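Q: For reference, the structure I am asking about is given below.
The values are calculated or read from the model by the stated rules, or taken from the named source; none is laboratory data. These numbers come from a predicted model, not from an experiment. Every residue, glycine among them, receives a Cβ derived from its backbone with ideal geometry; neighbour counts consider all protein chains shown.
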Protein chains: 2
Amino acid sequence: MKTISPKTIDRALLYIRALENLLKKKRDKISSSELADITGSSDVQVRKDISFFGKVGIPRIGYETKKLKDVLENFILQDNIVHIALFGVGNLGKAILKYPGFQTDKIKLVAAFDKAKNKVLKEVNGVKIYPVEQSVRLIKKVHAEIGIIAVPSENSQEVADIMVNSGLKGIVNFAPNRVSVPKNVYVKDIDFSIEIFSIFSHTQL
Amino acid sequence: MKTISPKTIDRALLYIRALENLLKKKRDKISSSELADITGSSDVQVRKDISFFGKVGIPRIGYETKKLKDVLENFILQDNIVHIALFGVGNLGKAILKYPGFQTDKIKLVAAFDKAKNKVLKEVNGVKIYPVEQSVRLIKKVHAEIGIIAVPSENSQEVADIMVNSGLKGIVNFAPNRVSVPKNVYVKDIDFSIEIFSIFSHTQL
DNA sequence: TGGTGTGAACCGATTCACAGCA
DNA sequence: TGCTGTGAATCGGTTCACACCA
């Protein structure tokens, strides 16, 4: 059986969001080229991606917004809800807690951790902040799958170790240094300064 | 003449940072495989990347830390300093202003803009906050090249338009919706919820 | 021997070109 | 006709295999 490519998954997530917005606007049909414009891709790419999930479109017409969204969601998200644990409630952590893209029923920030005594047990945007000491126990209890590192780089490895011990299988790391984890844990680094330089190089061509 | 690949540029930035750290620890030699471990790549990949910049290594020995760093920096950054303008000084904006990865002499946050009157003219981490009305004029004056969108999605397009008018050639967009800009302006979207889902899908395989 | 440098093979992803259909 | 669907060609990037050298 053919396996889905990671890039197709990423774009499918963009398609899903675009389709949600279109549904809100009562658009019930959409063509591959329009979807491509919205998501910054090409029409062929959109059709190739969608073709992986089956023959969903109607020749001469396009795709039915609702149907396409359902097909993609069923395949990619399989009515899973992703449970997230956040470490570090500084400015970045707070920004993440308030991030509007998370106000969906598919992602749930289940717990936040900080070691500052004065932040602990407060709530930000409905998410309670716990002391780090309780993190391993709590993460296991709520069955979180993904962890976010939003602590200063000095503490990032320490937090990564806690995440591994808690059984988290995926980590987003915002600290500007790499953390080491077992091979079965997937880490995605988001490094603002690398992103900036990368864009700068792009503009220099 | 052969042209450098974008992926090589991105990795070169990681190499440069790794080399800086090694220099601080007085390590004057480094092998491709060790550099690969630090940056999360493979030894062949490291050598291929570096080979683009010339024959820098010493067979049987490895690379001279300082020399390699200089070669990469000269090629990639060409003693340019990247000047950045930030829009939106909420939690995310503040996190960016305080980001330690920017405490380098190669990136300079030159101005921040916000429309909240009570934030204006304050300073965060040495960067002054100006009212948005002055942004076009100020960005031209300080010759910023890259802009960061850290405002709520409702205002992201408006801010993108300002950036285009100010002559910025690259944009990092943290708002969870795409902005439209002329083809000659390069936009990189950083979308937390897509990143989360993407990692989640990875862990599901 | 233990490292670098690199052409060739490979692999994944994108684009092309066009068949097929309401 | 104007869209989707898709095999074939192409492109870019990674890995292999090995020549080379202090």
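Q: May I ask you to list the residues in segment A:1-28 that are assigned to a helix (DSSP H, G or I) and among the hydroxyl-bearing types (Ser, Thr, Tyr)?
A: Residues satisfying the conditions are A:Thr8, A:Tyr15.
Yes/no matrix, rows are residues, columns are (1) touching a residue at least 60 places away in the same chain (Cβ under 8 Å); (2) in the same structural domain as A:Val185 (by TED's automatic domain parsing); (3) buried (at least 21 other Cβ atoms within 10 Å of the Cβ):
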residue: A:Asp105; (1), (2), (3): no, yes, no
residue: A:Leu109; (1), (2), (3): no, yes, yes
residue: A:Asp114; (1), (2), (3): no, yes, yes
residue: A:Leu121; (1), (2), (3): no, yes, no
residue: A:Val124; (1), (2), (3): no, yes, no
residue: A:Glu133; (1), (2), (3): no, yes, no
residue: A:Lys141; (1), (2), (3): no, yes, no
residue: A:Gly147; (1), (2), (3): yes, yes, yes
residue: A:Val151; (1), (2), (3): yes, yes, yes
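Q: Let me ask something else. Consider B:Lys183 carefully, then state whether it is in a helix (DSSP H, G or I) and surrounded by fewer than 21 Cβ atoms within 10 Å (Cβ to Cβ).
A: Answer is no for this residue.
Q: Further question on the same structure: So which residues in segment B:146-155 are within 11 Å of another protein chain (Cβ to nearest Cβ) and not in a loop (DSSP other than H, G, I, E, B), if there are any at all? Let's see the steps before the verdict.
A: Let us first name the residues in segment B:146-155 that are within 11 Å of another protein chain (Cβ to nearest Cβ), namely B:146-148, B:150, B:152-154.
B:Ile146, B:Gly147, B:Ile148, B:Ser153, B:Glu154 - these are the residues of segment B:146-155 that are within 11 Å of another protein chain (Cβ to nearest Cβ) and not in a loop (DSSP other than H, G, I, E, B).
Q: Here is a further query. List pairs: first residue in segment B:174-190 and under 19 Å from A:Thr203 (Cα atoms), second residue modelled with pLDDT under 90 anywhere in the structure, Cβ distance under 6 angstrom, at least six positions apart or on different chains.
A: Short answer, once both residue conditions are applied: B:Tyr186/A:His202; B:Tyr186/A:Thr203.
Q: Here's another thing I want to ask about it. Of all residues in segment B:70-92, how many are among the aliphatic types (A, V, I, L, M), in contact (Cβ under 8 Å) with a residue 40 or more places away in the chain and over 17 Å from A:Leu205 (Cβ atoms)?
A: Counting residues in segment B:70-92 that are among the aliphatic types (A, V, I, L, M), in contact (Cβ under 8 Å) with a residue 40 or more places away in the chain and over 17 Å from A:Leu205 (Cβ atoms) gives 6.
Q: Here is a further query. I want to confirm something. Restricting to segment A:26-39 and keeping residues that are more than 16 Å from A:Ile61 (Cβ to Cβ) and either without any contact (Cβ under 8 Å) to a residue 12 or more places away in the chain or more than 13 Å from chain B (Cβ to nearest Cβ) (or both), which single residue is farthest from DNA strand C (Cβ to nearest atom)? Outline the logic, then answer.
A: Here is the first cut: in segment A:26-39, the ones more than 16 Å from A:Ile61 (Cβ to Cβ) are A:26, A:36-39.
Keeping just the survivors that are either without any contact (Cβ under 8 Å) to a residue 12 or more places away in the chain or more than 13 Å from chain B (Cβ to nearest Cβ) (or both) gives A:26, A:36-37.
On the way: A:Lys26: 22, A:Ala36: 9, A:Asp37: 13 Å.
Checked segment A:26-39; the qualifying residue farthest from DNA strand C (Cβ to nearest atom) is A:Lys26.
Q: Restricted to segment B:16-25, and to residues that are more than 11 Å from every other protein chain (Cβ to nearest Cβ) and not hydrophobic (A, V, I, L, M, F, W, C), which residue is farthest from B:Leu77 (Cα to Cα)? It would help to see each step written out before you state the result.
A: Quick first cut of segment B:16-25, residues more than 11 Å from every other protein chain (Cβ to nearest Cβ) only: B:19-20, B:22-25.
Next cut, not hydrophobic (A, V, I, L, M, F, W, C) only: B:20, B:24-25.
Working: B:Glu20: 14, B:Lys24: 20, B:Lys25: 23 Å.
Restricting to residues being more than 11 Å from every other protein chain (Cβ to nearest Cβ) and not hydrophobic (A, V, I, L, M, F, W, C), the top hit is B:Lys25.
Q: Further, regarding this structure: Restricting attention to segment B:69-103, report how many residues are crowded, with 20+ Cβ neighbours inside 10 Å, among the aliphatic types (A, V, I, L, M) and touching a strand residue (DSSP E or B) at 6+ places or on another chain (Cβ under 7 Å).
A: Result for segment B:69-103: 7.
Conditions (1) in a helix (DSSP H, G or I); (2) more than 14 Å from chain A (Cβ to nearest Cβ); (3) under 14 Å from the mean Cα position of the chain (by Cα), marked per residue:
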residue	(1), (2), (3)
B:Asp70	yes, yes, no
B:Ile84	no, no, yes
B:Leu92	yes, no, no
B:Asp105	no, no, yes
B:Asn118	no, yes, no
B:Tyr130	no, yes, no
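Q: Mind telling me which of the residues A:Asp43, A:Asp49 ends up being within 15 Å of DNA strand C (Cβ to nearest atom), in contact with a Lys or Arg (Cβ under 7 Å, 6 or more places away or on another chain) and closer than 24 Å to B:Val179 by Cα? If you could, list the steps in order and put the result at the bottom.
A: Details: A:Asp43 fails: in contact with a Lys or Arg (Cβ under 7 Å, 6 or more places away or on another chain).
Residue meeting the stated conditions: A:Asp49.
Q: Restricting to segment B:29-68, count the residues that are in a helix (DSSP H, G or I), hydrophobic (A, V, I, L, M, F, W, C) and either away from DNA strand D (no atom under 15 Å from the Cβ) or surrounded by fewer than 14 Cβ atoms within 10 Å (Cβ to Cβ) (or both).
A: Let us first name the residues in segment B:29-68 that are in a helix (DSSP H, G or I), namely B:32-39, B:43-51, B:65-68.
Next, from what is left, pick out any that are hydrophobic (A, V, I, L, M, F, W, C): B:35-36, B:38, B:44, B:46, B:50, B:68.
After this cut, where a residue has to be either away from DNA strand D (no atom under 15 Å from the Cβ) or surrounded by fewer than 14 Cβ atoms within 10 Å (Cβ to Cβ) (or both) as well, the list is B:38, B:44, B:68.
Counting residues in segment B:29-68 that are in a helix (DSSP H, G or I), hydrophobic (A, V, I, L, M, F, W, C) and either away from DNA strand D (no atom under 15 Å from the Cβ) or surrounded by fewer than 14 Cβ atoms within 10 Å (Cβ to Cβ) (or both) gives 3.
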